[in-house]
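**Q** My questions all concern the structure below.
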Amino acid sequence: MKQKILAILRMLGPGLIIAAVVLGPGSISSISANGSIMGARMLWLLVLCGAFMLSYTVLAARFGAMNGKKFLTHLAERYGRWLSVVIGICAFTVCAGFQGGNNIGVGMAMSTLLGGTVGMWAVVFTVLSIAFMFFFRKLYQAVEKLMMGLVVLMILAFAGNLLVALPEPSVVLRGLVPSWPEDGNVIQLVAIVSTTFSVMAALFQAYLVQEKNWGPDQAGESIRDSVVGIFALSLISIMIMLTAATVLFPKGIKVTGAADMAVQLEPLLGRSAKWLFCAGLWGASFSSFLGNAVLGGTILSDGLGLGGGRVESLPTKIIGTLIMLIGMSIAIITGGRQPVEMIIVLQAAIIIAVPLTAFFILKESNSREVMGEATPSWWLNLTAVAGLVAVLFLAWKSFERIAALIGNG
């Protein structure tokens, strides 16, 4: 039995890295705040986003296994370097936005628990992540092992809180019925979608599959790995929302951040709940700090035709460092003023850069010239098309919202 478990774990990796990258403190803040304000009403949205995320991660994983070329290198040869550069810059922009949210989230958590400022903790985590990225010789293997451990830590920590809270089955069932915010404001929904349905993270799966040297013979393994990773991501997100909806929402306690949720769980569920939540938050913080920067660095370096689009290349590390420094700067400049609102705006704004990437993942995955007989099934395509429509709609709503904010000064 032990040998079977170890064999299964050795087959995993890329999918769990994606889960760890997507679920950062910004994600936890958005989901926690929504659960404390709206209860479990948006549970259906998390499930739907999980389906969208799974479809694109599977498409990317299959592309990575069936092709020797990196995705943006392939696009550059097929359509021109301009396209790979545009998508690479989009990935960089998305990751820089997420990194800002991650810095603000971890800064709020650590300053609440241990004192200090948001900016100070952003600097500490940034320095640790840069050191990790440059001083591990086999970066992919180190990241893979670290992310596996942190995902397990997050699942255990957030499951511990939920087991104590014990939501009513009726609350869960009602949350699975689609509903819309009463005030018509979709910015909270956009933030949830952008943090749980990350097209750039799905694209990264193609690169991670190739880092493991999985070819056509391992296409099935790459798909199973994707399913496990996205299932873990969806499970953690659902546990966080249900905890907030069960414990805080009935009492009218509004969460302004992940750190607030940790503190507010203590008088209701005991000190162990607070520390369990903080353990999960720390796992989410460090994994997303490092993984998000590596993601952006890998994709942009491939888009620019530098470093072969490899995780361990020097261009990837340099670009990843720049992403970390931008995120740190966002936290230092804005972290002390309405940090949760800033996280939500950042998460909503970056979804504007996503539809182009989603379109080409879907298009290239369905090209027989590129994929041969390994084109996706109709139901996978249907889910992916629905995800593309959802991203286009939310990107438009985000654009409207941001334009309104700029217009109001």
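The values are calculated or read from the model by the stated rules, or taken from the named source; none is laboratory data. Here the structure is a predicted model, which means the values were calculated and not measured. Cβ sites come from the backbone with ideal geometry, for glycine too, and all protein chains shown count toward neighbours. These area figures cover heavy atoms from the full protein model, side chains too; ligands, DNA and RNA do not enter into them. Shrake-Rupley method; radii C 1.70, N 1.55, O 1.52, S 1.80 Å.
**Q** May I ask you to list the residues in segment 159-175 that are out of contact with any Leu (no Cβ under 8 Å at 6 or more places or on another chain) and not in a helix (DSSP H, G or I)?
**A** Listed by number, the residues that qualify are Leu166, Glu168.
**Q** Please specify each residue of segment 107-140 satisfying the condition of being among the β-branched types (Val, Ile, Thr) and at pLDDT below 75.
**A** Residue satisfying the conditions is Thr112 alone.
**Q** I would also like to ask the following. How many residues does segment 298-321 contain that are under 13 Å from Phe134 (Cα atoms) and assigned to a helix (DSSP H, G or I)?
**A** Count: 8.
**Q** Here's another thing I want to ask about it. With more than 21 Å from Leu16 (Cβ to Cβ), among the hydrophobic types (A, V, I, L, M, F, W, C) and in contact with a helix residue (DSSP H, G or I) (Cβ under 8 Å, 6 or more places away or on another chain) as the only criterion, which of Ala219, Ala245, Ala202 stands out? Break it down stepwise before answering.
**A** Details: Ala219 fails: more than 21 Å from Leu16 (Cβ to Cβ); Ala202 fails: more than 21 Å from Leu16 (Cβ to Cβ).
Answer to the check: Ala245.
**Q** Shifting gears a bit: Take the residues of segment 60-91 that are within 22 Å of Ile326 (Cα to Cα), open to solvent by 30 Å² or more (accessible area, probe 1.4 Å) and modelled with pLDDT under 90: which is nearest to the chain's Cα centre (by Cα)?
**A** That would be Ile89.
**Q** Can you name every residue in segment 370-399 that is open to solvent by less than 20 Å² (accessible area, probe 1.4 Å) and in a helix (DSSP H, G or I)?
**A** Once the filter is applied, which keeps residues that are open to solvent by less than 20 Å² (accessible area, probe 1.4 Å) and in a helix (DSSP H, G or I), segment 370-399 yields Met371, Leu380, Ala384, Gly387, Val391, Leu394, Ala395, Ser398.
**Q** If you scan segment 316-338, which residues turn out to be of a type outside the set (Val, Ile, Thr), open to solvent by 40 Å² or more (accessible area, probe 1.4 Å) and either touching a Phe, Trp or Tyr at 6+ places or on another chain (Cβ under 9 Å) or over 20 Å from Val22 (Cα atoms) (or both)?
**A** Within segment 316-338, Leu322, Ser329, Gly336, Arg337, Gln338 meet the criteria.
**Q** Out of the helices (runs of 4 or more DSSP H) lying entirely within segment 185-263, which hold 1 or more residues that are open to solvent by 30 Å² or more (accessible area, probe 1.4 Å) and either modelled with pLDDT of 85 or more or among the hydrophobic types (A, V, I, L, M, F, W, C) (or both)?
**A** Passing ranges, in order: 219-243.
**Q** Taking Ile18 as the residue in question, decide whether it is in a helix (DSSP H, G or I) and within 15 Å of Met200 (Cβ to Cβ).
**A** The answer is yes for Ile18.
**Q** Could you check segment 88-109 and list, in sequence order, the residues that are touching a Gly at 6+ places or on another chain (Cβ under 6 Å) and within 20 Å of Gly309 (Cα to Cα)?
**A** Gly88, Ala91, Phe92, Cys95 - these are the residues of segment 88-109 that are touching a Gly at 6+ places or on another chain (Cβ under 6 Å) and within 20 Å of Gly309 (Cα to Cα).
**Q** Something else about it: Tell me yes or no: at least one residue of segment 69-87 is in contact with a helix residue (DSSP H, G or I) (Cβ under 7 Å, 6 or more places away or on another chain) and not in a helix (DSSP H, G or I).
**A** Yes: segment 69-87 contains one or more residues that are in contact with a helix residue (DSSP H, G or I) (Cβ under 7 Å, 6 or more places away or on another chain) and not in a helix (DSSP H, G or I).
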